[in-house]
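Below is one structure; the comments refer to it alone.
The values are calculated or read from the model by the stated rules, or taken from the named source; none is laboratory data. Just so we're clear, the structure is a prediction, and the values are computed from it rather than from any experiment. When we count neighbours, we look across all protein chains shown, and the Cβ atoms used for this are built from the backbone with ideal geometry, even at glycine. Quick note on the areas: whole protein, heavy atoms, side chains included, nothing else; ligands and nucleic acids left out. Shrake-Rupley method; radii C 1.70, N 1.55, O 1.52, S 1.80 Å.
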Amino acid sequence: MERTLWVVGLLALFLVCLWLMYRGWQNRAARQAARIGELPAVPAELGAQVLEPTTGLYLGSTVAPSWQDRITVGDLGFRAIAELTRFERGILLERDGAMVLWIPQESITAVRTERGHAGKVMTQDGVLVIRWKLPTGTEIDTGFRGDDKSVYPAWTQHSTADQTRTMTGDDEG
């Protein structure tokens with residue numbers, strides 16, 4: 001009988017811990033909601049495709065510059081299999097089982113590689129990180145671990161070229 005009570009007690013403790021983690025996630029989402037606001041909608045016209053689609057794993061989004069301050073609003077904090085495509089007007093991130101994420105070109109401040117993001121640590125330059133500004137003005141980092149990391153230089157070089165054109169006023173579009 002004593003063993004049964006121990007098992008029931010430990011099971012109850014485990015369930016209480018799960019409930020507290022869930023409540024913590026909800027409270028964090030409530031605190032972040034005003035900073036995150038509404039995400040940009042996918043426009044009807046995306047422009048020409050600039051880079052081929054890249055498959056991989058969406059790692060989540062974090063409040064910049066902290067690579068571990070995961071955003072819990074909506075489904076931004078959940079990992080998902082995804083496809084990342086670069087268009088003239090921005091970046092389209094299609095996630096399995098989650099809403100499509102649109103990152104407008106004018107919101108992108110940097111595309112770089114990092115070792116880790118949102119609690120996921122890889123080898124050097126194993127994660128592609130897109131830093132962008134939300135309509136609320138909050139800067140966030142969106143992490144993506146591609147299946148083929150050989151495409152990362154094209155993503156980071158394209159970002160650098162866009163930033164140079166924007167800063168010098170040489171934008172032809």
Problem - Restricting segment 24-130 to GluC sites (Glu not before Pro) in coil, as DSSP defines it, with at most 10 other Cβ within 10 Å - result: GLU38, GLU45
Handout entry: Rg over Rh [alpha-carbon atoms, Kirkwood Rh] for the chain
Key = 1.10
Problem - In segment 1-105, trypsin sites (Lys or Arg not before Pro) in a DSSP loop with at most 12 other beta-carbon atoms within 10 Å - result: none
Problem - Solvent accessible area, Å² - TRP19, 1.4 Å probe, full protein context - result: 150 Å²
Problem - Surface/4 estimate of mean projected area, convex hull on alpha-carbon atoms of segment 37-122, nm² - result: 5.8 nm²
Fill in the blank from the handout: One finds, for VAL16 and GLU83 with R0 = 41 angstrom and r their Cβ-Cβ distance, a FRET efficiency to the nearest 0.05 of 0.55
Problem - Extreme residue, positive dipole direction of the chain, given options ALA118, GLY143, ILE81 (C-beta unit charges) - result: ALA118
Exercise for the section: Return the carbon/sulfur percentage of the accessible area of segment 1-126, one whole number, probe 1.4 Å, all protein chains in place. Expected result: 60 percent
Practice task
Kindly express, to the nearest 10 degrees and within the range 0 to 90, the angle between helix 152-168's C-alpha long axis and the longest C-alpha principal axis of the chain.
Solution key: 60 degrees
Practice task
Please determine, in degrees from 0 to 90 and to the nearest 10, the orientation of helix 2-36 with respect to the longest principal axis defined by the Cα atoms of the chain, where the helix direction is its Cα long axis.
Solution key: 30 degrees
Fill in the blank from the handout: The orientation-averaged projected area of the Cα convex hull of segment 1-49, in nm², is 6.7 nm²
